[in-house]
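Asker: Dumping the structure here so I can ask a few things about it.
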Amino acid sequence: MNTPNRTSAAAFSRYAAGEVVADSASLQWKELFVRRYRFANVVDRFLVPATPEPLISCSLAGSAEFREREIGGAWLKRQIGPGYIFVTRSKTPYEVCHTSPVGEELEIVQVHIAVDRFLAALEAAFPGKTEEVEVIDYSGRDEALAHLCFACAEMLSARTPGKSRRVADLAQVFASY
């Protein structure tokens, strides 16, 4: 499959290397695009397209030697496990690959925050300066953000419908955070 340089959060799962286990679209969630993925123990290099929506990835289970890079750049290597977070609002695609020990295959949840909700939260925090604020890529541990991601995974498992107030509240918390 030919992966585009840019896509939308709604179409993002078409280009992921993992199996989609649960998807918020089937529950009609608004302002959050949440997917739970399961990966094989070896995932060869694949291109992650940029999206206008901020992306948060959180490892739920398993472990891996994870590598990422800008196209043609040097690989950055990390050991990841449950609770490990990646945050990006990359304007360009990037490459990733990872290897997990047998029986330790990764399960992750990915959360895209709708652009309008995100920009409204930026405007509330930085009135009149949203054009100047930039999301800085982050990888590492953030317990609060990990717990929000775990809550999304649980709500997907519980099949929480999009009309639930909890979904709207969670979208606001993610955007504000």
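Asker: Which one, Val111, Tyr138, Thr160, is farthest towards the positive end of the dipole of the stretch 93-169 when Lys and Arg carry +1 and Asp and Glu -1 on their Cβ?
Answerer: Thr160
Asker: If you don't mind, another one. Name the aspartates and glutamates eligible as straight-distance cross-link partners of Lys77: C-alpha to C-alpha under 13 Å, and not fewer than 8 places from it in the same chain.
Answerer: Within the straight-line cut-off, Lys77 pairs with Glu65, Glu68, Glu95.
Asker: Between Glu104, Glu131, Glu70, which gets the highest mean-square fluctuation from a Gaussian network model of the chain, Cα cutoff 10 Å?
Answerer: Among Glu104, Glu131, Glu70, the largest mean-square fluctuation in the Gaussian network model of the chain belongs to Glu131.
Asker: Dipole magnitude of the stretch 42-157 about its Cα centre, charges +1 at Lys/Arg Cβ and -1 at Asp/Glu Cβ only, in debye to the nearest 20?
Answerer: The calculation lands at about 200 debye.
Asker: Normalising by the residue count of the stretch 87-171, find the relative contact order in percent from Cα pairs under 8 Å and 6+ residues apart. Mind showing how you got there, number by number?
Answerer: On the way: 29 pairs, mean separation 35.3, N = 85.
In percent, rounded to a whole number, it is 42.
Asker: Could I ask something else about it? Could you work out the local net charge near Arg89, counting Lys and Arg as +1, Asp and Glu as -1, over the other residues with Cβ closer than 11 Å to its Cβ? Present the calculation step by step, with values, prior to reporting the outcome.
Answerer: Numbers: positive: Lys91; negative: Glu53, Glu134, Asp137.
Local net charge: -2.
Asker: Using only the Cα atoms of the stretch 32-177, build the gyration tensor, take square roots of its eigenvalues as a ≥ b ≥ c, and label the shape rounded, prolate or oblate: rounded if a/c is under 1.5, else prolate if a/b is larger than b/c, else oblate.
Answerer: It comes out oblate by the Cα gyration axes.
Asker: Here's a follow-up. Measure off 7 Å from each Cα along the Cα-to-Cβ vector at Ile71 and Arg38, then give the distance between these two points in nanometres to one decimal.
Answerer: According to this spin-label approximation, the distance is 3.3 nm.
Asker: Using a 7 Å offset from the Cα along the Cα-to-Cβ direction at both Lys91 and Glu132, what is the distance between the two label points in nm, to one decimal?
Answerer: 1.8
Asker: Can you give the accessible area of Phe39, probe radius 1.4 Å, in Å² rounded to 10?
Answerer: 20
Asker: Ok, one more. Can you tell me which aspartates and glutamates have their Cα less than 20 Å from the Cα of Lys163? Leave out same-chain residues fewer than eight positions away.
Answerer: Asp23, Glu31, Asp116, Glu154
Asker: Separate question: Subtract the Cα-Cα distance of Ser157 and Glu123 from 0.36 nm times their separation in residues, and report this length gain in nm to one decimal. Each step should come with its number before you reach the end.
Answerer: Values: separation 34, 0.36 × 34 = 12.24 nm, distance 3.26 nm.
Length gained, Ser157 through Glu123: 9.0 nm.
Asker: Which Cys in the chain stand alone, with every other cysteine's Cβ at 4.7 Å or more from theirs?
Answerer: Cys97, Cys152
Asker: Further, regarding this structure: Could you sort Trp29, Trp75 by accessible area so the largest value comes first, with the probe set to 1.4 Å? Present the calculation step by step, with values, prior to reporting the outcome.
Answerer: Working: Trp29 20, Trp75 80 Å².
From most exposed to least exposed: Trp75, Trp29.
Asker: In the neighborhood of Ala61, defined by Cβ-to-Cβ distances under 12 Å, what is the net charge if each Lys or Arg adds +1 and each Asp or Glu adds -1? Each step should come with its number before you reach the end.
Answerer: Working: positive: Arg36, Arg38; negative: Glu104, Glu105, Glu107.
Charge balance in the 12 Å sphere: -1.
Asker: I've got another one for you. From the phi angles alone, apply the Karplus equation (6.51, -1.76, 1.60; θ = phi - 60°) to the stretch 103-119 and give each ³J(HN,Hα) in whole Hz, x where the residue is Gly or Pro.
Answerer: Going residue by residue, I get x, 10, 4, 6, 10, 10, 10, 10, 10, 9, 9, 3, 4, 4, 5, 4, 5 Hz, with x marking Gly and Pro.
The values are calculated or read from the model by the stated rules, or taken from the named source; none is laboratory data. Just so it is clear, the model here is predicted, and its values are computed rather than measured. Ideal geometry is used to build each Cβ from the backbone, glycine not excepted, and the neighbour counts take in all protein chains shown. For the accessible areas, the whole protein counts, side chains as well, though only heavy atoms, and no ligand, DNA or RNA atoms are used. Shrake-Rupley method; radii C 1.70, N 1.55, O 1.52, S 1.80 Å.
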